[in-house]
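The values are calculated or read from the model by the stated rules, or taken from the named source; none is laboratory data. Nothing here was measured: the structure is a model prediction, and the numbers come from that model. Glycine also receives a Cβ, built like all others from the backbone with ideal geometry; neighbour counts cover every protein chain displayed. Surface accessibility is based on the protein's heavy atoms, side chains included, excluding ligands, DNA and RNA. Shrake-Rupley method; radii C 1.70, N 1.55, O 1.52, S 1.80 Å.
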Protein chains: 2
Amino acid sequence: MISLNNKFEQLPEEKQSRIVNASISEFAEKDYETASMNTVVNQAGISKGSLFNYFKTKSLLYDHIYKLALGEVKSYLRKVRDETVDLPFEKRLSKIVDSGVQFIIEHPRLAKIYFRLIYSADSPNRKKIVSELQKLSNDYLGEIIQDAMDQSELDPNLNQGQAVFFLDSVLNRFLKDYHEAISQGDANQFNRDEWVKGITTLFTKGLS
Amino acid sequence: MISLNNKFEQLPEEKQSRIVNASISEFAEKDYETASMNTVVNQAGISKGSLFNYFKTKSLLYDHIYKLALGEVKSYLRKVRDETVDLPFEKRLSKIVDSGVQFIIEHPRLAKIYFRLIYSADSPNRKKIVSELQKLSNDYLGEIIQDAMDQSELDPNLNQGQAVFFLDSVLNRFLKDYHEAISQGDANQFNRDEWVKGITTLFTKGLS
DNA sequence: TCCTAAATTGACCACCCGGTCATTATATAA
DNA sequence: TTATATAATGACCGGGTGGTCAATTTAGGA
């Protein structure tokens, strides 16, 4: 026995995806407490009893969904890290922003769940999840910054932790605002190239 | 007739502050949907009917509270802006961080409401409020950055909007993390001076 | 002291929630 | 075809919600 969720995983794939889809929509639209299991079952076209048979509690369903969202985020990060490993810091940063934007466009609902998780305070196990995410981001951006330090593209005596923090702050905030702009239909206010250039300039040369 | 809330404002001050206190606690602890009017009336020691007599709906009570929180934030910003108007950019930044930290320590619950408002998505009129906040931040940080540009402490050809965005991202994120660290009792992980120095260095000289 | 107008109360309403479980429908093996 | 195990159902439960309003308490002037 590997998984504790075999009930759900042994379902026909079509049914699984109906349920996952409905759950993603609901958890993207409302925060954890406000999201309704009733809405999920109605949108998925199954009965309430069935859903609670597959996932014993709301919290376990949420677990399944956020892990799924996080998995997608991670695979994107891994992809862009590996694909840019030989590029200079500036180009790397640019690609990171690019693929963040791409992720948001391709998975707007997952992005919403991700941002809700980071910025809101009411998901179950929030502390554990957020610290996990922090580690992920630390590892990911830390590696990129360390590479740049090793290549003397960034000051080798940099406080690496701080640098990661700054980069993370700006990137996350940019992507969050971009995501919000998209979901309100006015993403044109963002000239992507200009922003990428601005961000890389900030980190390499500062504002003076 | 100036105010529409005269019912509440004509109450004895002691009673007003009991109600405000209870409301602040509740809206700080839970997000808008989850916060309970029952909890508020119990903690304030008044009856439910009375509260709904003073504030016709939950949303109107929330309005009153967030405006109060915002007012405090604004007065802090105004104060630090005026007190630092003659200082160089670096010193100014440092004072801004200082007074942000001070605000968080003095008004932890208001800070929580403020951060919830910015980062969460479920307060009523959120769009309007957030854009109001953005304007506030733009005016405030914009002025400080413009001053630094005028004094040639920052590049006079800077994209001012971007610069404000970056500064806002880093400052807000720092204060948010600091606030969370405090409310979990381990704020010692933040060496304030080191962070202030790091932030000012980032913005003036970059990381290379 | 009594009367009236205003303030306060809390039982009550309709609604929604997460979760349960006896009942029913479905699939499978004999 | 029939008997049996398994899966799916939705009425139902206790509890909490924002909001209401008839009844009661309080305050103040005559």
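Data overview
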| quantity | calculated |
| --- | --- |
| Peptide A:164-172 - average C-beta neighbours from other chains (10 Å radius) | 5 |
| Accessible surface buried upon A-B contact (total; probe 1.4 Å; Å², nearest 100) | 3600 Å² |
| At 7 Å out from Cα toward Cβ: B:ASP98 inter-copy label distances (nm, ascending) | 4.5 |
| 3J(HN,Hα) from dihedral phi, segment A:14-27, Karplus parametrisation 6.51/-1.76/1.60, rounded to Hz, x for glycine, proline | 4, 5, 3, 6, 4, 5, 4, 4, 4, 5, 4, 4, 5, 6 |
| Principal-axis tilt of helix A:160-183 within chain A, Cα atoms, nearest 10 degrees | 60 degrees |
| Debye intensity ratio in log₁₀ form over the Cα atoms of segment A:66-205, taken at each q of 0.11, 0.15, 0.17, 0.20 Å⁻¹ | -0.41, -0.77, -0.99, -1.33 |
| Mean accessible surface per residue for chain B, computed with a 1.4 Å probe while every protein chain stays in place, in Å² | 49 Å² |
| Top of A:GLU14, A:GLU106, A:GLU143 by mean-square fluctuation, Gaussian network on chain A, Cα under 10 Å | A:GLU14 |
| Charge context of B:PRO108, other residues only, Cβ under 13 angstrom, K/R +1, D/E -1 | 0 |
| Three-way shape call for the protein assembly as shown based on the alpha-carbon gyration tensor, with the a/c threshold at 1.5 | oblate |
| Coil-residue trypsin sites (Lys or Arg not before Pro) of segment A:36-69, DSSP, other Cβ within 10 Å capped at 14 | A:LYS56 |
| Carbon + sulfur, % of accessible area of the protein assembly as shown - ligands and nucleic acids excluded, 1.4 Å | 49 percent |
| Segment B:68-205, relative contact order [Cα under 8 Å, separation at least 6], % | 30 percent |
| Cα-centre dipole for the protein assembly as shown with unit charges at Cβ (Lys and Arg positive, Asp and Glu negative), debye to 20 | 1560 debye |
| Among B:LEU68, B:LEU136, B:LEU11, residue whose mean-square fluctuation peaks in a GNM of chain B (springs only between Cα atoms under 10 Å) | B:LEU11 |
| Solvent-accessible surface (1.4 angstrom probe) belonging to A:SER131, in square angstrom, nearest 10 | 70 Å² |
| Test item: Cα-centred dipole of segment B:32-122, Lys/Arg +1 and Asp/Glu -1 on Cβ, debye | 200 debye |
| Cα long-axis angle, helix A:89-106 against chain A (0 to 90 degrees, to the nearest 10) | 20 degrees |
| Cβ-based charge dipole, segment B:31-113, positive-most Cα from B:TYR54, B:THR34, B:SER99 | B:TYR54 |
| Per-copy distances of the A:GLN43 label point, shortest first, in nm (7 angstrom along Cα→Cβ) | 3.1 |
| Local electrostatic count, A:ARG173, Cβ distance below 14 Å [Lys/Arg +1, Asp/Glu -1] | -2 |
| Degrees separating the helix B:108-119 axis from the principal Cα axis of chain B, which is the longest one | 70 degrees |
